[in-house]
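Before any comments, here is the structure.
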Amino acid sequence: MQNTQQQRGPGGRGGGDRRGPRRPRIEEPKEFDQRILSLDRVTRVTKGGKRMRFRATVIIGDHKARVGYGVAKAADVSAAVNKAVTQAKKRLFTVPLVKETIPHRVDAKFGAAVVMMKPAPAGTGVKAGGAMRVVLELAGVPNIVGKSLGGSKNKINNAKATIEALKTLRLKSAASSAA
């Protein structure tokens, strides 16, 4: 018995180390930071009963003015998060920044969520809360004042309204400033 144990290896089920010693994994640096905004268990009622799935809302950003969001559903949590990250990478956009803040005041609405954002002087930081704060921090906006103007407590709609507001930002063109 002792002899067969040595032949099989330390696991005792065979296999052993045919491929040699295990190499350490080299992790590549991640291009984007990601945050799960919400993770919900959702159900669909069918003839056979309730079908439970998970819905993940993920915001990704590089802290260098690029941000995106994704919402996806799957049978398990990790699959839902991975699908949402893939979707968020497809929806990336760049936020225009001037002197470490946004160029002008902007208001946006998505569903019942209404948000307002204003430029802020250097040293102010991100003065916003909830889903708006997550989006702005991952976008890498250093100084901004944001306010959710009631209407909705829905995190997903507040995040989408914030992203719509950031998409509507425009840098003043050279032609209009010269006039």
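The values are calculated or read from the model by the stated rules, or taken from the named source; none is laboratory data. As the structure is a computational prediction, the values presented were derived from the model and not from experiment. Cβ atoms come from the backbone with ideal geometry, glycine included; neighbour counts cover every protein chain shown. SASA here: full protein model, heavy atoms, side chains in, ligands and nucleic acids out. Shrake-Rupley method; radii C 1.70, N 1.55, O 1.52, S 1.80 Å.
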Accessible area in the full protein assembly, largest first, 1.4 Å probe, for 144, 156: 156, 144
Size-normalised alpha-carbon gyration radius of the stretch 41-168, reference 2.2 N^0.38 Å: 1.17
Paired Rg and Dmax values of the stretch 83-136, which use every Cα atom, in angstrom: 13.1, 38
Simple spin-label estimate for residue 33 and residue 79 in nanometres, 7 Å along Cα-Cβ: 3.1
Under 5 Å, built H, 5+ apart or other chain: amide partners of residue 38: 57
Pair residue 93, residue 164: separation of 7 Å Cα→Cβ label points (nm): 1.1
